[in-house]
Amino acid sequence: MDNRKIELIEHGMVFDHLTFATGGRVFDVLSKYAWIDGFYPIMVGSFPSKSKGRKDVAKLDGLHLAEGTGAMNEIALLSPEATVSWIDHGQVLRKKKAWECLAPLVTSRLIECPNANCITHEEAPPTFRVQQRQPLSLECVYCKRSFMR
Amino acid sequence: MSWPRSILSIADFSPADVTHLLDLARTVKASPGAYQQHMRNRYLALLFFEPSTRTYTSFRNAMTRLGGGVSMEFREPKGTSLEKRESVASTLAMAKEYGSDGIVIRHPRDGAAAYAAEVTDLPVINGGDGYNEHPTQNLLDLFTIHERFGRLDHLIFLFFNDLKFGRATRILAHLSLYPGNRFFFLSHPAVGLPEQFKSLLDARSCTWEESFDPADFPRFLAASHVAYGSRTQEERFPQTAEGRETLKHVRGSVVLRASLLPAKKDLVVMHPLPMDKDFPCIARDVDSLPVAYWNHQAGNGIPVRQAMLLLTLGGAHGQ
């Protein structure tokens with residue numbers, strides 16, 4: 001997916017400044033959620049970045065995701081500093097950092113509690129409370145271990 | 001007052017909650033006969049996914065002495081369906097189907113009790129979850145301290161030996177809420193007090209001093225009301241050559257001996273049992289002295305757990 005051009009979209013979402021090499025996982029997340037109500041094209045590319053050397057970009061064509069819901073939470077966990085834009089009629093409706101779109105409590109198997117003895121490694125669904133948004137700091141709701149993303 | 005629905009962490013309890021519990025435990029201890037029927041037709045599930053002699057037997061005693069029954073119990077996974085990989089959630093569902101009014105769970109994983117409280121609508125009492133919490137131990141310790149000194153404030157505590165892995169130091173989350181309490185910490189540097197506790201004490205403007213030099217024992221003991229030792233939790237050291245080497249240096253590095261004790265009466269020495277018979281952090285010559293409080297402390301486990309059951313399962317005010 002290196003250096004491919006990503007087409008402009010009329011209505012949808014753009015996830016810019018994704019951490020390099022997370023684009024594939026963002027694609028998986030978007031696929032999981034965006035196919036629930038039908039098929040919406042997803043494009044992912046990798047580009048040079050002035051600040052970080054490389055970045056990934058993803059676009060979702062035809063669908064707006066709500067903040068604090070499944071896909072948005074998971075993208076924020078994968079790349080909290082990404083920029084999320086909602087596009088309508090080819091214009092940016094609004095723009096936010098991914099960490100701003102994160103629900104206060106998130107359940108996701110995309111990340112693991114760093115405590116190897118935590119019950120989430122055996123049975124409980126990994127669930128985290130957002131302690132601080134920037135830089136992103138999470139707390140496991142079961143073992144109470146805090147960690148930075 | 002509203003008592004917490006489940007007992008998961010000592011940090012969930014306010015001083016008012018603890019006062020309520022200690023008052024009831026004191027009454028139960030003084031008049032056990034008056035509470036013999038308070039749990040009649042009520043049933044407790046004792047789900048011990050790892051063994052614990054005292055926690056198990058004291059909860060069982062507490063429930064039966066209140067006239068209640070045990071609906072489901074296992075003392076360890078061996079010989080149960082847990083060996084067939086039955087889940088915690090499924091075990092809890094069965095406990096409910098068997099008519100349990102509450103659950104006591106002990107589990108080797110951190111956070112297992114919080115998870116249990118999430119998947120069942122029954123009250124859950126944490127009988128120890130991994131390296132994480134052991135709130136019923138903390139509460140019986142608070143009872144023992146209050147019983148001896150008549151207060152939980154304006155006391156001086158010395159915590160010694162394994163302060164890193166021992167769960168008893170979680171009691172700091174509560175003791176630091178009271179005015180005038182001061183704390184000494186004495187340990188080998190490899191098992192010093194974790195930073196999170198130091199931050200907590202600082203945030204609550206508590207006075208504390210840490211030492212890694214056993215020569216400070218007499219000075220600390222002379223000033224303290226409570227000297228609280230914790231067994232070196234050797235099972236929690238990394239199973240590496242470096243971990244084993246560190247353990248060799250830690251074991252026996254901090255030992256309270258009778259010769260170190262000051263000539264004063266307002267001191268008790270506490271220790272959550274079991275004590276390591278090969279490498280005790282309290283020498284045997286302290287066993288027979290009036291300051292030796294650990295057996296009395298463990299004995300308080302029954303009235304304090306009776307009070308917990310009365311408050312958590314209901315029945316504190318009689319049938």
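Brief remarks on what is shown
- Taking the number of Cβ atoms within 10 Å of each Cβ as an exposure proxy, the fewest-first ranking of B:Val254, B:Val119 is B:Val119, B:Val254.
- Kirkwood hydrodynamic radius over Cα pairs of the stretch B:74-213, then Stokes diffusion coefficient at 4 °C and 1.567 mPa s, in µm²/s: 75 µm²/s
- Largest first and in whole Å, the equivalent-ellipsoid semi-axes of the stretch B:135-298 read 23, 19, 15, each the square root of five times a Cα gyration tensor eigenvalue.
- With the charge dipole of the stretch B:181-235 set up from +1 on Lys and Arg Cβ and -1 on Asp and Glu Cβ about the Cα centre, the Cα lying farthest toward the positive end among the listed residues B:Asn181, B:Leu201, B:Phe217 is that of B:Asn181.
- log₁₀ of I(q)/I(0) at q = 0.11, 0.14, 0.18, 0.24 Å⁻¹ - the stretch B:229-319, Debye sum with one point per alpha carbon: -0.49, -0.68, -0.87, -1.15
- Residue (of A:Ser51, A:Ser137, A:Leu93) at the positive-pole extreme of the stretch A:42-149, dipole from beta-carbon charges: A:Ser51
- Each Cα pair of the protein assembly as shown feeds into the Kirkwood radius, which the Stokes-Einstein equation turns, at 37 °C and 0.692 mPa s, into a diffusion coefficient of 131 µm²/s.
- Length-normalised contact order of chain B in % [C-alpha pairs under 8 Å, at least 6 apart]: 21 percent
- DSSP loop chymotrypsin sites (Phe, Trp or Tyr not before Pro) with at most 15 other Cβ within 10 Å excluded, longest remaining stretch of chain B: B:99-211
- Longest site-free stretch - chain A; sites: chymotrypsin sites (Phe, Trp or Tyr not before Pro), DSSP loop, at most 13 other Cβ within 10 Å: A:40-149
- Simple spin-label estimate for B:Glu235 and B:Glu86 in nanometres, 7 Å along Cα-Cβ: 2.2 nm
- Along its principal axes, chain B has C-alpha extents of 57, 46, 39 angstrom, given from the largest down.
- Too-long pairs where the Cα-Cα distance tops 28 Å, listed order kept, from A:Lys50/A:Lys95; A:Lys55/A:Lys95; A:Lys97/B:Lys164; A:Lys32/A:Lys55; A:Lys32/A:Lys95; A:Lys96/B:Lys198: A:Lys97/B:Lys164; A:Lys96/B:Lys198
- Candidate lysines - alpha carbon under 22 Å from B:Lys84, same-chain residues fewer than 8 apart omitted: B:Lys96
- The stretch A:12-101 shape via C-alpha gyration tensor axes, a/c threshold 1.5: rounded
- Using the Cβ of B:Gly67 as centre and a radius below 11 Å, the other residues enclosed give a net charge of +3, where K and R count +1 and D and E count -1.
Computed from the coordinates by the stated procedures, all read-outs in this text should not be read as laboratory data. What you see is a predicted model, and the numbers here were worked out from it, not measured in a lab. Cβ atoms come from the backbone with ideal geometry, glycine included; neighbour counts cover every protein chain shown.
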